[in-house]
Amino acid sequence: MHKRTWIAIAVAVAVVYVLTLAMGLGGWQWLRSLHRSQPAVWQAWQLPDAGNIPTGERGASIRYGRELFHDTPALASAYVGDKLSCSNCHIADGVAPYAAPLVGTSQTFPKFSKRAGRSITLEDRIEECFARSENGRPLPYDSREMHALVDYIGWLSEPRPQYLPFVGRGLIALPTLTPDPARGAQIYATQCAGCHGTNGAGGRPLFPPLWGPDAFNDGAGMHHITKMAAFVQANMPQNRKGMLSAQDALDVSAYIHAQPRPALNPAYAQY
């Protein structure tokens, strides 16, 4: 482990110790609560240093893929029909735990897709995202954009023995609960509207639209209440992560799910 990593761990332990002494038993209980609600903050994993991106043609493609990830509507406008970027769902450049991270994704393909009913490649999965989450049209396999995104995800997926094993793949598992969209409307008004707007229109580039003409369509993964709830519970609100309970996340997701949004283009239903 690098010396810098050991120093960071020592500082973190010292901070925890001081906080515990300062706040007593209540402080310790608060820290345990934070650990349970925010497992991501305890993981020693970080975005790979951009300085380690290789030179040459592949490096240029990786850098372009990273830019595409940040501002997909601007850099892939021919294939995007809404105002969402890849980074809106795959937070922190695709490495945030429990936010559908892309670390190690390349090695999982090809794999069977229940939605498609067949084995799909990483390129197939990216096409699904553009047709559904981006409310656009599939990227051609031989396009510069497709090559760049595949190269970027491949770079994120390279083994990094200097890091602890990555924890937080996929989304968290929530208990089985009954959603209450009326209660969700109240939660949205107090916890979400400040960033995403009272009308769900969001505010580019930081805050994606959650419904309306510029949002993901009804074929996107986020249009499933339980999937959105799992994402919300672990990641939202971004400046107060962990404050929403599983029931809160399910209720507000049910409210968002009930709002109008574009329909999936029938021509792309196979994606």
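Condition check for N217 on (1) in contact with a Leu (Cβ under 6 Å, 6 or more places away or on another chain); (2) part of a helix (DSSP H, G or I): one failure, at (2). State which residue is modelled with the lowest pLDDT when the search covers only segment 105-114 and only residues that are loosely packed, with under 15 Cβ neighbours inside 10 Å and part of a loop (DSSP other than H, G, I, E, B). Once the filter is applied, the top-ranked residue is K114. Just one of the listed residues (L164, L122) is farther than 28 Å from A254 by Cα and not assigned by TED's automatic domain parsing to the domain that holds R58, namely L164. Every residue in segment 184-206 that is in contact with a Gly (Cβ under 9 Å, 6 or more places away or on another chain), at pLDDT 95 or above and not in a loop (DSSP other than H, G, I, E, B), please. Correct list: Y188, C192, A193, C195, H196. Within the bounds of segment 106-125, is there any residue that is over 30 Å from G242 (Cα atoms), of a type in the set (S, T, Y) and touching a strand residue (DSSP E or B) at 6+ places or on another chain (Cβ under 6 Å)? Yes: one or more hits. Taken together, D151, D71 contain a single residue that is farther than 26 Å from T226 by Cβ and surrounded by fewer than 19 Cβ atoms within 10 Å (Cβ to Cβ), which is D71. When segment 178-216 is filtered for residues that are closer than 23 Å to L264 by Cβ and among the aromatic types (F, W, Y), the ones remaining, listed by number, are W211, F216.
Annotation for segment 115-124: no member residue is buried (at least 21 other Cβ atoms within 10 Å of the Cβ) and of a type outside the set (A, V, I, L, M). I'd like the full set of residues that are within 19 Å of the chain's Cα centre (by Cα) and not charged (D, E, K, R), limited to segment 63-73. Correct list: G65, L68, F69, H70, T72, P73. Inspection of segment 222-240 finds no residue satisfying the criterion of being of a type in the set (G, A, S) and surrounded by fewer than 17 Cβ atoms within 10 Å (Cβ to Cβ). Count of segment 116-158 residues, restricted to those that are in a helix (DSSP H, G or I) and either within 16 Å of the chain's Cα centre (by Cα) or of a type outside the set (F, W, Y) (or both), is 22.
The values are calculated or read from the model by the stated rules, or taken from the named source; none is laboratory data. What you see is a predicted model, and the numbers here were worked out from it, not measured in a lab. As a convention, Cβ positions derive from the backbone with ideal geometry for all residues, glycine included, and neighbour counts pool all protein chains shown.
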